[in-house]
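Asker: This is the structure I want to talk about, given as structure tokens.
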Amino acid sequence: MKAVRERCVLKIAIASDHAGFHLKNHLRDILRKDGYEVEDLGADGTDSSDYPDYAVLVARAVSRGEADRGVLICGTGVGMSLAANRVPGVRAAAVSEPVTARLSREHNDANIVCIGERIVGPEMALDIVRTFLSTGFSQGERHIRRISKIASLDPS
């Protein structure tokens, strides 16, 4: 699988907390072999850590355009998605199988995928991430309208 988008290699920001450390490293290494430019933003081990600290690093990198897409891994994927979605411009989806990964890109233009190491195995996680990274946004009018509504929600 070649990681090319409009003649540019996709840059992926990836991070995990302690509960997703092993899966993060597994995915990082394979994505690099697949040809993606991957920036590992931590964690650097299995000592207890807080998922919001890593979610915000990836979310900000995606929001600022420093990365094209993000991958976050924690125990379930839920905590990472909750934290990442607090950053404006981020649409993070907690995903546990490839169909939702595809639809989160096609319909929601999700820019970060969140996976739980305690929920899915390494091969399923790889299928999820590859599907997420290779799927484009459908550009459908109804999807654009809904994403615009999400972006305009007042957080107060």
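The values are calculated or read from the model by the stated rules, or taken from the named source; none is laboratory data. The structure displayed is predicted, hence computed values, not measured ones. Glycine gets a Cβ as well: all are built from the backbone with ideal geometry, and neighbour counts include every protein chain shown.
The rows are residues; the columns are (1) out of contact with any helix residue (DSSP H, G or I) (no Cβ under 9 Å at 6 or more places or on another chain); (2) closer than 30 Å to residue 142 by Cα.
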site: 12; (1), (2): no, yes
site: 16; (1), (2): no, no
site: 20; (1), (2): no, no
site: 65; (1), (2): yes, yes
site: 109; (1), (2): no, yes
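Asker: So residue 10 fits all but one of (1) touching a residue at least 40 places away in the same chain (Cβ under 8 Å); (2) over 28 Å from residue 144 (Cβ atoms); what number is the exception?
Answerer: (2)
Asker: I've got another one for you. Which residue, of 67, 83, is touching a residue at least 12 places away in the same chain (Cβ under 8 Å), surrounded by 16 or more Cβ atoms within 10 Å (Cβ to Cβ), in a loop (DSSP other than H, G, I, E, B) and among the aliphatic types (A, V, I, L, M)?
Answerer: Being touching a residue at least 12 places away in the same chain (Cβ under 8 Å), surrounded by 16 or more Cβ atoms within 10 Å (Cβ to Cβ), in a loop (DSSP other than H, G, I, E, B) and among the aliphatic types (A, V, I, L, M) holds for just one of 67, 83, which is 67.
Asker: Moving to a separate point now. Residues in segment 47-75 that are of a type in the set (Asp, Glu) and closer than 25 Å to residue 119 by Cα: how many?
Answerer: Matching residues across segment 47-75 total 3.
Asker: So, one more: Which residue, of 70, 75, 121, is closer than 21 Å to residue 43 by Cα and within 9 Å of the chain's Cα centre (by Cα)?
Answerer: Answer to the check: 70.
Asker: A follow-up question, please. So which residues in segment 86-110 are farther than 17 Å from residue 23 by Cβ and either acidic (Asp, Glu) or assigned to a loop (DSSP other than H, G, I, E, B) (or both)?
Answerer: Result: 86, 87, 88, 89, 90, 91, 106, 107, 108, 109, 110.
Asker: Sort through 129, 120, 113 and tell me the only one that's assigned to a strand (DSSP E or B) and at pLDDT 95 or above.
Answerer: 113
Asker: Collect the residues in segment 132-156 that are part of a loop (DSSP other than H, G, I, E, B) and in contact with a helix residue (DSSP H, G or I) (Cβ under 7 Å, 6 or more places away or on another chain), keeping them in residue-number order.
Answerer: Initial filter on segment 132-156 (part of a loop (DSSP other than H, G, I, E, B)): 135-140, 152-156.
Across segment 132-156, the qualifying residues are 135, 136, 137, 138.
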